[in-house]
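Below: the structure, in structure tokens.
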Amino acid sequence: MDSLFTDSLTRDIALTLLEKGVRIILLLVVSYIAYIIIQRLIERLFDIRFVKLSKEQERRSTTLHSLVHSVIFVIFCFLVVIMILNELRVDTTSLLAGASIIGLAIGVGAQSLVKDFVAGFFIILEGQYSIGDFVTVKGYSGTVIDVNLRTTKICSPDKVIHTIPNGLIDIVSNYTKGMYVATIRIGVSQSADPDVVLSVLQEALGVVSQRSDVHEEGASVGGLVQMEGNSFIYEVSIPARRSDAYGVCTAYRYEAAKRLAAAHIAMARFVIETQMTKTIEEENSLSKEKKEEA
């Protein structure tokens, strides 16, 4: 009788262990398959998102890719361990409570740091700006020289390096993406013949348009746009990338001043003003709206 009881108990234990073992193996297999699928999806996302990158940007992409893989691996390992312990009828409530308390303590103690890392992750993922872009962030304008998960470094035109925590960045103005229109305003004496002035400005524009950093389509002499004191104000628009705009405007000022002086046309004391206006796409959109209203 005792022998039968022992055999039955042994058989029940063996069946239980076999059942749990099979379920744990299935759990591991399913978890591994899910992990591989998610990793493949992430790789596809990175292949689509990060194309035509510089060496520095490729390094950033590789770092971000590795970070995402590591985070997903840790999360999967934690979930698998919890599910295996549940299968073995081990109470995981205290373990989850302890992990929650530790996570809460870390989150509260390093709140700004976590915020910086999360913001940096999405800045890099969304490609809001890259190294070499000319941007305005938190009132600071300059060229981006470094982007990582915690901070962004911007070198302003006066060579001052500004380090900005990513968590503080709310609005970014990127002047490098797309083409911008540099507007140059020239004031000349009202005694000068407007037709002669426009001819001189058009000649200067033709010379500057030969530069490789000028987008010829859209470059134009806008004509006489304003009268101020004893001067007429003429406006010239030159499409160029924001990073090239300063050089383009300087070149045009030189060519225009040289030709106006040769034509004995007196310029006003305030001479020329340069500013950045809307992109070409925005200008085309506004012109279409005006035509529709008309």
- Message: Among the residues that make up the stretch 70-93, is at least one of them assigned to a helix (DSSP H, G or I) and at pLDDT below 75?
- Response: no
- Note on the structure: Of the residues in the stretch 228-254 that are under 21 Å from Glu203 (Cβ atoms), under 32 Å from the mean Cα position of the chain (by Cα) and among the hydroxyl-bearing types (Ser, Thr, Tyr), the one that is surrounded by the fewest Cβ atoms within 10 Å (Cβ to Cβ) is Thr250
- Filtering the stretch 66-95 for residues that are closer than 30 Å to Ile124 by Cβ and not aromatic (Phe, Trp, Tyr) leaves a count of 12
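The values are calculated or read from the model by the stated rules, or taken from the named source; none is laboratory data. Just so you know, these numbers come straight off a predicted model, no measurement behind them. All Cβ positions, glycine included, derive from the backbone under ideal geometry; neighbour counts span all protein chains shown.
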